[in-house]
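The values are calculated or read from the model by the stated rules, or taken from the named source; none is laboratory data. Predicted model only: the values in this text are computed from it and were never measured. Note that each Cβ is placed from the backbone with ideal geometry, even for glycine, and that neighbours are counted across all protein chains shown. Please note that ligands, DNA and RNA were not included when accessible areas were found on the heavy atoms of the full protein model with its side chains. Shrake-Rupley method; radii C 1.70, N 1.55, O 1.52, S 1.80 Å.
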Amino acid sequence: MTQFVPLPLIDDFLINYNVGQALLLLFVLSVLAAIPLGSRKVLSLNAITFGLLFVVTPASLAPLHYKFLGIALLVVAPLLYITASR
């Protein structure tokens with residue numbers, strides 16, 4: 001009997017997408033997970049982290065517009081952090 005190994009399933013799913021799309025999906029899911037916390041600081045730290053990830057991702061793995069998204073997140077997220085009260 002073969003054991004269930006999820007890695008080939010994940011690999012087969014991700015083979016159709018590039019790294020930028022996978023990071024964008026993770027970013028959206030993490031924002032949706034952080035919204036119930038009610039903290040703008042957590043959301044902004046999340047955006048800063050993903051902004052850095054988008055910027056440092058090599059251009060061969062993700063299209064250029066994901067780098068622009070990362071730069072935009074790195075500009076907007078610190079402003080959100082500074083204006084957050086909690």
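Ranked by the mean number of other Cβ atoms within 10 Å of their residues, highest first, the peptides 69-75, 57-63 fall in the order 69-75, 57-63. The mean accessible area for residues of the stretch 1-85, using a 1.4 Å probe and ignoring ligands and nucleic acids, is 71 Å² per residue. Legend: helices of the chain (whole DSSP H runs) are marked when their alpha-carbon atoms reach 20 angstrom or more along the helix axis and their mean Kyte-Doolittle hydropathy is at least 1.0; marked are 19-34, 40-56, 64-83.
Among the listed options (i) 1.10; (ii) 0.97; (iii) 1.03, the one matching Rg/Rh (Cα atoms, Kirkwood Rh) as calculated from these coordinates is (i). Solvent-accessible area of the chain (1.4 angstrom probe, protein heavy atoms only): carbon and sulfur portion equals 75 percent.
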